[in-house]
Amino acid sequence: MTITAVAAGTWMLGDLEVHRIGFGAMRLPQYGEALVPEAVPRDREEAIAVLRRAAELGVNHIDTAAFYFSPLRSANELINRALAPYPDDLVIATKVGPGRDASGEWTPHATPGQLRGQVEENLRQLGRDHLDLVNLRIVGADSIAERFGALAELRQAGLIRHLGLSNITHAQLAEARAIAPVVCVQNMYGIGVRPEQEEIVRFCGEQHIAFVPFYSIAATGRQRGAQSADREEILAVAHAHGATAAQIRIAWTLHQGPHMLAIPGTGDLDHLAANVAAGTLRLSDRDLAALDHVHRQREGALLPSSPTT
């Protein structure tokens with residue numbers, strides 16, 4: 001029997017219902033390390049096949065950005081080619097804030113005026129007249145009021161349905177919520193990664209805000225992907241469930257609260273099926289205690305913040 005994303009349950013992103021297992025498009029345009037100028041483009045038909053299979057498996061929450069591209073492939077273009085005309089229940093979340101030029105070089109902060117251009121570029125690439133969800137990606141702890149206010153104006157104009165935040169502090173979340181509703185927070189979080197995020201994870205659950213962790217499988221490997229062997233405690237839980245360590249990491253994320261949404265990304269059909277199947281795993285109290293112990297020990301020193309997710 002084919003396991004679909006329905007098994008993971010659902011959450012409301014504002015007024016949009018999504019399955020709690022989604023799909024992150026960052027790795028889709030290229031093989032190997034993502035978001036570097038020398039990235040090797042992924043075969044276009046292979047990427048399109050993965051997206052179409054994700055939709056067949058019930059994935060209706062796709063996370064993307066206009067700055068997700070390799071020398072020949074754009075994640076947004078691939079999504080448009082694979083899935084348009086879009087199913088009525090499909091929610092496409094995108095990010096603005098950082099930018100990349102054609103050579104792949106980064107500018108970490110868009111001005112309020114530039115944000116409208118980034119929103120319009122996402123609209124053009126995706127072939128839509130509005131964006132379901134736009135996350136403002138932040139680098140640093142400065143005030144976000146002016147930038148978030150610019151997006152709130154675009155929401156009022158009908159170009160954006162819902163707003164979220166990425167890579168933010170609790171203070172920045174409070175600042176944004178004073179301007180417009182926030183339906184999700186995307187921060188780096190996973191087993192052994194940023195246990196100090198637990199306070200904001202808990203707060204988001206109390207406020208019915210989705211928490212969408214990135215790099216929950218790759219951990220400190222970030223856009224390079226998982227870089228080291230998993231701890232024996234994680235492997236033991238995986239063995240007990242007949243699962244992979246990556247599936248256990250996804251399952252642990254989902255067990256942190258009903259508001260937790262997973263967006264694992266892959267360009268491989270088998271990995272896609274395995275990621276979706278992780279939504280069926282039910283971890284015991286003993287499993288969770290073992291994994292929580294690993295989580296609080298962390299997996300290594302954190303890398304400096306980067307513009308990307």
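The residue of segment 1-16 that is farthest from A262 (Cα to Cα), among those that are assigned to a strand (DSSP E or B) and not aromatic (F, W, Y), is L16.
Pairs are defined by a Cβ separation below 7 Å, a sequence spacing of at least 6 or placement on different chains, a first member in segment 119-133 that is farther than 19 Å from L13 by Cβ, and a second member that is surrounded by fewer than 15 Cβ atoms within 10 Å (Cβ to Cβ) and of a type in the set (A, V, I, L, M, F, W, C); the pairs so defined are G127/A84. Please work out if I250 is within 23 Å of V6 (Cβ to Cβ), modelled with pLDDT under 95 and either under 17 Å from the mean Cα position of the chain (by Cα) or not in a helix (DSSP H, G or I) (or both). Criteria not met by I250.
Among residues of segment 163-183 that are surrounded by fewer than 20 Cβ atoms within 10 Å (Cβ to Cβ), those with a beta-carbon under 9 Å from a residue that is among the charged types (D, E, K, R) at least six positions away or on a different chain give the pairs H170/E199; A180/R155; P181/R155. Reported count of residues in segment 97-118, each being in contact with a strand residue (DSSP E or B) (Cβ under 6 Å, 6 or more places away or on another chain), of a type outside the set (D, E, K, R) and outside any loop (DSSP other than H, G, I, E, B), is 5. Hey, any hits in segment 73-81 for a residue that's part of a strand (DSSP E or B) and over 22 Å from N187 (Cβ atoms)? Yes, that holds for at least one residue. May I ask you to verify whether L78 is surrounded by fewer than 23 Cβ atoms within 10 Å (Cβ to Cβ), touching a helix residue (DSSP H, G or I) at 6+ places or on another chain (Cβ under 7 Å), among the aliphatic types (A, V, I, L, M) and at pLDDT 95 or above? Spelling it out, it is not the case that L78 is surrounded by fewer than 23 Cβ atoms within 10 Å (Cβ to Cβ), touching a helix residue (DSSP H, G or I) at 6+ places or on another chain (Cβ under 7 Å), among the aliphatic types (A, V, I, L, M) and at pLDDT 95 or above. Would you pick out the residues in segment 266-289 that are in contact (Cβ under 8 Å) with a residue 40 or more places away in the chain, assigned to a helix (DSSP H, G or I) and of a type outside the set (A, V, I, L, M)? Within segment 266-289, N275, G279, T280, D287 qualify.
Checking L154 against (1) buried (at least 23 other Cβ atoms within 10 Å of the Cβ); (2) not in a loop (DSSP other than H, G, I, E, B), which test does it fail? Only one criterion in (1) buried (at least 23 other Cβ atoms within 10 Å of the Cβ); (2) not in a loop (DSSP other than H, G, I, E, B) is unmet by L154, namely (1). Residue pairs whose Cβ atoms lie under 8 Å apart, separated by 6 or more positions or on different chains, with the first residue in segment 1-22 and among the small types (G, A, S) and the second assigned to a loop (DSSP other than H, G, I, E, B) and surrounded by fewer than 18 Cβ atoms within 10 Å (Cβ to Cβ), are G9/P258; G14/P181.
This table checks each residue for (1) of a type in the set (V, I, T); (2) touching a Ser or Thr at 6+ places or on another chain (Cβ under 8 Å); (3) under 20 Å from A75 (Cα atoms).
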| position | (1), (2), (3) |
| --- | --- |
| R100 | no, yes, yes |
| R116 | no, no, yes |
| P181 | no, no, no |
| Y189 | no, yes, no |
| R194 | no, no, no |
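The residue of segment 198-239 that is modelled with the lowest pLDDT, among those that are buried (at least 18 other Cβ atoms within 10 Å of the Cβ) and of a type in the set (S, T, N, Q), is Q223.
Checking each residue in segment 19-44 for being surrounded by fewer than 24 Cβ atoms within 10 Å (Cβ to Cβ) and either of a type in the set (F, W, Y) or assigned to a strand (DSSP E or B) (or both) picks out Y31, V40, P41.
The values are calculated or read from the model by the stated rules, or taken from the named source; none is laboratory data. If you're wondering where the values come from, they're calculated on a predicted model, not measured in any experiment. Every residue, glycine among them, receives a Cβ derived from its backbone with ideal geometry; neighbour counts consider all protein chains shown.
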